[in-house]
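Read-outs: derived from the displayed coordinates by stated rules, not from any lab. This structure is a prediction, so every number in the text was calculated from the model and none was measured. Please note: Cβ atoms are built from the backbone with ideal geometry, for glycine as well, and neighbour counts cover all protein chains shown.
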Amino acid sequence: MKFLFDEMLKRLVHWCRIFGIYSEYIVGKSDSELLDYAKKNGLIFVTRDVKLFERCKEIKCVFIESDELEEQIVQILKETKVKMTFPDETRCPTCNGKLKVIGKERVEAVPEDIYKNNKRIWQCSECGKVYWEGGHWKNITRIYENVKKKVI
Ligand SMILES: [Zn+2]
């Protein structure tokens, strides 16, 4: 299951990618272009724009109701039945590429102390960006657990 988000939902895109959901985000296209693109590529369109939602006749569309991030993710999971693959599989928040766990041999990409202090290090298969658990990790797992509880 793959998704296309409208421009207003940048923060949500970022989080859906972290949780392993295929999430495209295109800036600078007209409404018609976005809807055509979703239709051609079999993407579920996610929007907060009522007018845009009403135009979704030929494609599946989720109209996001809440202002709150966790509720937004919960709504997508409930309405579409898409599954989060985090933490086994996660996607690059920047480009939607799949992240793969990299081994100790990739030292040149990551400073030594990062290796020492982090259990897992990932690299994006598309843009090459490197990620590690870091300080942000607690926040990510907290949101993940909260969302999971609300979906069950
Ligand atoms: Zn990437």
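Anything over 31 Å Cα to Cα? Flag those among K29/K78; K10/K116; K57/K138; K57/K100; K51/K98, in the order listed.
Where the Cα-Cα span goes over 31 Å, the pairs concerned are K10/K116; K57/K138; K57/K100; K51/K98.
Using θ = phi - 60° and the Karplus form 6.51 cos²θ - 1.76 cosθ + 1.60, what ³J(HN,Hα) does each residue of segment 31-45 get, whole Hz, x for Gly and Pro?
Each residue's phi maps through the Karplus curve to give 4, 4, 4, 4, 5, 4, 4, 4, 5, 4, 9, x, 9, 7, 8 Hz.
Compute the Rg/Rh shape ratio of segment 2-80: radius of gyration over Kirkwood radius, all on alpha-carbon atoms.
0.92
Where does the charge balance sit around I59 when Lys and Arg score +1, Asp and Glu -1, over other residues with C-beta under 11 Å from its C-beta?
Once positives and negatives cancel, what remains is +3.
Short version: ³J(HN,Hα) in whole Hz for each residue of segment 11-20, in order, from phi by Karplus 6.51 cos²θ - 1.76 cosθ + 1.60 (θ = phi - 60°), x for Gly and Pro, what are they?
So the J values, rounded to whole Hz, are 5, 5, 4, 3, 6, 4, 4, 4, 7, x.
Collect residues whose amide H, placed 1.01 Å from N in the peptide plane, falls under 5 Å from the amide H of C56; neighbours closer than 5 in sequence don't count.
none
Tell me what the chain gives for mean residue ellipticity at 222 nm when only DSSP H runs of n ≥ 4 count, each as -39,500 (n - 2.57), the sum divided by the residue total, rounded to 500 deg cm²/dmol.
-11000 deg cm²/dmol
What are the residues whose amide H is under 5 Å from the amide H of V46, where those residues sit 5 or more places off or on another chain and H is modelled from the backbone?
Hits under the 5 Å cutoff: L4, F5, D6, V62.
Over segment 58-152, calculate the relative contact order: mean separation of alpha carbon pairs under 8 Å at least 6 apart, over the residue count, as a percent.
That works out to 25 percent.
For segment 43-152, which GluC sites (Glu not before Pro) are both in a DSSP coil and crowded by at most 14 other Cβ atoms within 10 Å?
E58, E65, E68, E89, E126
Over what distance in Å are the Cα centres of segment 1-40 and segment 75-149 separated?
Going from one Cα centre to the other spans 19 Å.
Going 7 Å from the Cα of K150 along its beta-carbon direction, which residues of segment 4-20 have the amide nitrogen within less than 12 Å of the resulting point?
Counting only backbone N, you get no residues.
Could you tell me the ratio Rg/Rh of the chain? Both radii from Cα atoms, Rh via Kirkwood.
1.01
Can you give me the distance in nm between label points at R120 and K60, each placed 7 Å from the Cα along the Cα-to-Cβ direction?
If labels sit at R120 and K60, their model points lie 2.6 nm apart.
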